[in-house]
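Data first, discussion second: the structure below is written as structure tokens.
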Amino acid sequence: MDAIFAPYPFLRKSTMDDIKNTLKQQIIDALNLQGMKPEEIDDNAPLFGEGLGLDSIDSLELMVLLERNYGIKIEDAREGRKVLNSVQSMADYIQEHSAKNRA
Amino acid sequence: MLQTSDRIVVSSMGLISALGTGIAAHTAAFEQRKSGLRHPQHLKTLHASEFLVGEVALSDVAMMQQLGIPSTKKGYSRTSLISMCAIADMLQTTDLAWLQNLPKLGYINANTVGGMSIVENLYMEMITDRIDEETDKWIDTLDCAESTEHVARFFGLNPAMATISTACSSSANSIIVGARMLQHGLVDAVIVGGGDALSRYTLNGFSALKNVDKTPCKSFDQNRNGLNLGEGAGYLLLEKESSAKARGANILAILSGFSNHNDTYHPTAPSPDGSGALRTMAGALERAKLPAQAIHYINAHGTATLNNDHSEGLAIQNLWQGVPPPFSSTKAFTGHTLAAAGAVEAICSIAAMQANTVPPNLNWETPMEELSIRPCTQSEKVDINHVMSNSFGFGGSNVTLIFSRA
Amino acid sequence: MRQPLYIKSAVAISAQESFEREKFLQPLLTSGTGKLFAQDAPYAQYISPVAIRRMSRQMKMTISCAMEALVRAGVATPDAIITGTGRGGVTDMEHFVKDMILLNEGAMNPTAFIQSTYNSASGWIAMQAKCTGYNQTYVHRGCSFELAVQDAQMLAGESELPINLLVGCFDELTEDYYHIRQKRGYWKIPAISSESLYQHEDVAGTIAGEGASFFVLSNQPEEQQNCLRQLKIIYQANAEKITQAIMEVAIEEAIGLDAIDLILLGDNGDPRQQHLYAHLDILFPKTRMERFKHLCGEFDTATGFGTWYADWILHQKQADGKQPKNLLLINHYILGSATVMFITAPETT
């Protein structure tokens, strides 16, 4: 993935930022985080436990979000935990997955 | 007036599940280790090839035939039919005329989604403006009580009724409520239990919770990966010991203890240290005035979800200080029959006591890391005088029942 | 069943301003749509921000109502929680079943499924009030609340020690629900204004309602508490059975019918059900009678609102100085059941 964007670092960045911003808004909508704005969610802050204070039902809702919006189905709970760690890890996974789909 | 010295007894019982109709079908399946799980044939779901379920083998039409209902008659939801089959089974050893003429009969039923198995196919039609008699006659099955009232009418009964819905502990709760109504003199005899039909609604719901195993469930196994859903119904006739004796009824078991506690931990997950399950089991022992050692078999809730078996396993291990009596989950035989589970498993527990035989816990291979105890994996002969049956539901609804030899 | 339950607190969320008792009927709130939706309470005061964002209006109503009942009774943790509901989490049920159909059994929201479970509210209240005691949920149409009260009566009779029982009910009105039941002929069409409910008794049907009511009930009397003494649940109700239940109450309480000084009727304005109430004028020729469904609308657990209203009236200072002491609440529900409740004011007032 990175290799494709290597000559165009600005492109790589904007694509990733777009994904993350869209994703943040989707998270806010899906989990009904009323009054929260995308820019208030830190890319790397853990979504669960401290961070946003989400719980296990939210993690299931986030899996629904990934499936409905990105066609990504996570079957393994352990993998789910890794993917849903932060906005960054989710965005990475989305990008990886869409690259895989294109390949 | 509250009266507790006269014991509450079970004088007849009937059930239906993926294993068939009646107690003999269930004990035979336990003995032959023959699970009732299969890919659904009656439930029309897109996920049919994906999931194994404990489906009642009979179609709606076949059940209607067995019950003597003309096939032209409409309006019988699968939930009602399954319940009717279980009660019809119970009535083989009960005097129906006596029930019909009892001045104070009770019928405490339980289900989780009423007639959803039919409503889910008609809902979009129901919310249109179109008046369609074929569709609209099912409107009342949207609620849970429709099945209760329909079943009572079908058997010509005019009882005091209640419908309970506390998820997977529903029919265990109807047993408790019925028993207490007897003690308070609100009823002279009471049919207690519950029934649930498979629906796409519940299958997709549990699937959304990511706790459905696509292979046969492995209760209390380290590599368990969720439950299999099932359908069925179980009903018991409860009355006071004095009443059963006076009419010369066969007493199958004594309901010697029961307990209902809330877990107060999470909407769907049990307390990870097992404290909720432990409190409930201890409560039932206390009411039965029995020491833990008196229990000779535990029919565990044992859904094979990661959370339940962890929590329930720890509770059993702690309550019996590492040396519990034989315990097993029969969910790998019947699937998780939800609202029916409490009654179906209570009946299987009583049957186990009558036959002095512990039903095996199927598909168990690897001990759970956090447990030193193991379920009973072989059909085992032991003297059973007291059995315990656990039912733990969403919303932290924990119920334990104890039955004793008559 | 005869077993006194002392009303330590009563809270209702209804189409009227009932959550704050002082504002009740100041003024009368009405609706001309045939639907009486409940007045929202300050839900955020009772439910944490993390939890509230996932909840349907029904969950918010139910939990807020229950928690406020505990606050007003001065009870942090009750000994048991018993709820009744005819429809449960109907919004969540509708959401889930429609998604399932439209998405072809695709990726579904687990939250809607969990909260459509009938006991999710009682489980949540238990969690929030840290009540590890008895927890039960009845879902039997028009007697769901009644069965919860009956269970509370049983618990009260089973305990030699003083106990506090949180008993309540909830039902939510949705557009789908209204529409579907319209096909069953439940509602007056065209819709009438709610305050004129009893002026259209020539037109079949009633008006739809919703709400939540919670009570902390105890087996231990304290001063200035009204008491729910008797509850009779009648299946396949008719006038004769209702009369019989009233007579039983009078006999068991050793009072004459003339000792009843106020009757609250659950008459919902539907001429098809008038026969359940018509004979009461003969039984009680001189007794003051009031109806309440123009205030809350018709729903499975409207008796909960009726009970709250009874408690409210018995606490009110009457302008004419005729303070009612013995109240009968008589209700019925469309699908056939009826209720007779006997509620009394404390001796000292």
message: Looking only at region A:63-96, filter to residues that are within 11 Å of chain C (Cβ to nearest Cβ) and either polar (S, T, N, Q) or part of a helix (DSSP H, G or I) (or both); which one of those is surrounded by the fewest Cβ atoms within 10 Å (Cβ to Cβ)?
response: A:Asn69
field: Pair list, Cβ under 6 Å, 6 or more apart: region C:20-41 residue part of a loop (DSSP other than H, G, I, E, B), other residue of a type in the set (Ser, Thr, Tyr)
entry: C:Phe24/C:Ser18; C:Thr30/C:Ser193; C:Thr30/C:Ser194; C:Ser31/C:Ser194; C:Gly32/C:Ser193; C:Leu36/C:Ser194; C:Ala38/C:Ser14; C:Ala41/C:Ser64
message: Quick check on this structure: which one of C:Ile251, C:Ile233, C:Ile255 is open to solvent by 10 Å² or more (accessible area, probe 1.4 Å), in a loop (DSSP other than H, G, I, E, B), modelled with pLDDT of 95 or more and of a type in the set (A, V, I, L, M)?
response: C:Ile255
- line: So, first residue closer than 13 Å to C:Leu327 by Cβ in region C:248-270, second residue of a type in the set (Asp, Glu), Cβ within less than 6 Å, six or more apart or across chains; the pairs are C:Leu264/C:Glu290
field: Hey, B:Met1 farther than 18 Å from B:Ile347 by Cβ, more than 22 Å from the chain's Cα centre (by Cα) and not charged (D, E, K, R) or not
entry: yes
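Residue by residue through region B:57-92, note down the ones that are farther than 24 Å from C:Met100 by Cα, assigned to a helix (DSSP H, G or I), β-branched (Val, Ile, Thr) and open to solvent by less than 30 Å² (accessible area, probe 1.4 Å).
Those that are farther than 24 Å from C:Met100 by Cα, assigned to a helix (DSSP H, G or I), β-branched (Val, Ile, Thr) and open to solvent by less than 30 Å² (accessible area, probe 1.4 Å): B:Ile82, B:Ile87.
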query: Somewhere in region C:60-73, is a residue surrounded by 19 or more Cβ atoms within 10 Å (Cβ to Cβ), assigned to a loop (DSSP other than H, G, I, E, B) and in contact (Cβ under 8 Å) with a residue 40 or more places away in the chain?
result: no
message: Within region B:1-20, take every residue that is within 25 Å of B:Met353 (Cα to Cα) and open to solvent by 60 Å² or more (accessible area, probe 1.4 Å) and give me the one that is modelled with the lowest pLDDT.
response: B:Thr4
query: Which numbered condition trips up A:Ile74, out of (1) at pLDDT 90 or above; (2) touching a helix residue (DSSP H, G or I) at 6+ places or on another chain (Cβ under 6 Å)?
result: (1)
The listed residue being free of Cβ contacts under 8 Å to residues at least 12 places away in the same chain and among the small types (Gly, Ala, Ser), out of C:Gly123, C:Gly86, C:Gly106, C:Gly133: C:Gly106
Of residues in region B:142-159 being at the interface with chain C (Cβ under 10 Å from one of its Cβ atoms) and over 21 Å from the mean Cα position of the chain (by Cα), the one surrounded by the most Cβ atoms within 10 Å (Cβ to Cβ): B:Leu142
query: Between a first residue in region B:30-59 that is at positive phi and a second residue that is of a type in the set (Gly, Ala, Ser), which pairs have beta carbons less than 9 Å apart while being 6 or more apart in sequence or on different chains?
result: B:Arg33/B:Ser379
- line: Checking B:Ile139, B:Ile176, B:Ile164 in turn, the sole residue that is touching a strand residue (DSSP E or B) at 6+ places or on another chain (Cβ under 8 Å) and either surrounded by fewer than 24 Cβ atoms within 10 Å (Cβ to Cβ) or more than 8 Å from every other protein chain (Cβ to nearest Cβ) (or both) turns out to be B:Ile176
Conditions (1) hydrophobic (A, V, I, L, M, F, W, C); (2) more than 19 Å from the chain's Cα centre (by Cα); (3) not assigned by TED's automatic domain parsing to the domain that holds C:Met93; number of the one not met by C:Leu155: (3)
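Which residues, taken from region C:236-246, are in contact with a Leu (Cβ under 8 Å, 6 or more places away or on another chain) and in a helix (DSSP H, G or I)?
C:Ala239, C:Ile242, C:Thr243, C:Ile246
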message: Show the residue pairs meeting these rules: Cβ distance below 6 Å; 6+ apart or different chains; first residue within region B:284-305 and among the basic types (Lys, Arg); second residue assigned to a strand (DSSP E or B).
response: B:Arg287/B:Gly257
- request: Look through C:Asp261, C:Asp281, C:Asp270 and report the one residue that is open to solvent by less than 30 Å² (accessible area, probe 1.4 Å) and over 21 Å from C:Gln3 (Cβ atoms).
  value: C:Asp270
statement: Here the qualifying pairs (Cβ atoms under 6 Å; residues six or more apart or on different chains; first in region C:216-237 and closer than 13 Å to C:Ile7 by Cβ; second acidic (Asp, Glu) and crowded, with 22+ Cβ neighbours inside 10 Å) come out as C:Asn226/C:Asp311
- prompt: What single numbered condition from (1) touching a helix residue (DSSP H, G or I) at 6+ places or on another chain (Cβ under 8 Å); (2) part of a loop (DSSP other than H, G, I, E, B); (3) within 8 Å of another protein chain (Cβ to nearest Cβ) fails to hold for B:Val187?
  reply: (3)
message: Condition first: open to solvent by 60 Å² or more (accessible area, probe 1.4 Å) and hydroxyl-bearing (Ser, Thr, Tyr). Now tell me which residues in region B:22-56 satisfy that.
response: B:Ser49
query: Among helices (runs of 4 or more DSSP H) lying entirely in region B:236-342, which contain 2 or more residues that are assigned by TED's automatic domain parsing to the domain that holds B:Lys214 and surrounded by fewer than 19 Cβ atoms within 10 Å (Cβ to Cβ)?
result: B:241-246
statement: Those helices (runs of 4 or more DSSP H) completely within region C:110-172 that have 1 or more residues that are farther than 30 Å from B:Ala208 by Cα are C:144-158
- prompt: Name the residues in region B:93-134 that are among the β-branched types (Val, Ile, Thr), at the interface with chain C (Cβ under 9 Å from one of its Cβ atoms) and in a helix (DSSP H, G or I), would you?
  reply: B:Val119
message: Restricting to region C:96-114, count the residues that are open to solvent by 10 Å² or more (accessible area, probe 1.4 Å), under 15 Å from A:Met63 (Cα atoms) and more than 7 Å from chain B (Cβ to nearest Cβ).
response: 3
task: Go through (1) within 12 Å of chain C (Cβ to nearest Cβ); (2) under 19 Å from B:Glu231 (Cβ atoms); (3) assigned to a strand (DSSP E or B) and name the single condition B:Gly193 misses.
output: (1)
statement: Restricting attention to region C:173-183, the residues that are part of a helix (DSSP H, G or I) and at the interface with chain B (Cβ under 8 Å from one of its Cβ atoms) number exactly 4
- prompt: Given C:Leu166, C:Leu147, C:Leu161, C:Leu155, which one is over 30 Å from B:Asp129 (Cβ atoms) and either at the interface with chain B (Cβ under 7 Å from one of its Cβ atoms) or among the aromatic types (Phe, Trp, Tyr) (or both)?
  reply: C:Leu147
- request: Please work out if C:Thr344 is in contact with an Asp or Glu (Cβ under 7 Å, 6 or more places away or on another chain) and either surrounded by fewer than 24 Cβ atoms within 10 Å (Cβ to Cβ) or under 18 Å from B:Asp143 (Cβ atoms) (or both).
  value: no
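The values are calculated or read from the model by the stated rules, or taken from the named source; none is laboratory data. Note that the structure is a prediction, hence the values are computed from the model and not measured. Please note: Cβ atoms are built from the backbone with ideal geometry, for glycine as well, and neighbour counts cover all protein chains shown. Keep in mind that these areas ignore ligands, DNA and RNA; they rest on the heavy atoms of the full protein, side chains included. Shrake-Rupley method; radii C 1.70, N 1.55, O 1.52, S 1.80 Å.
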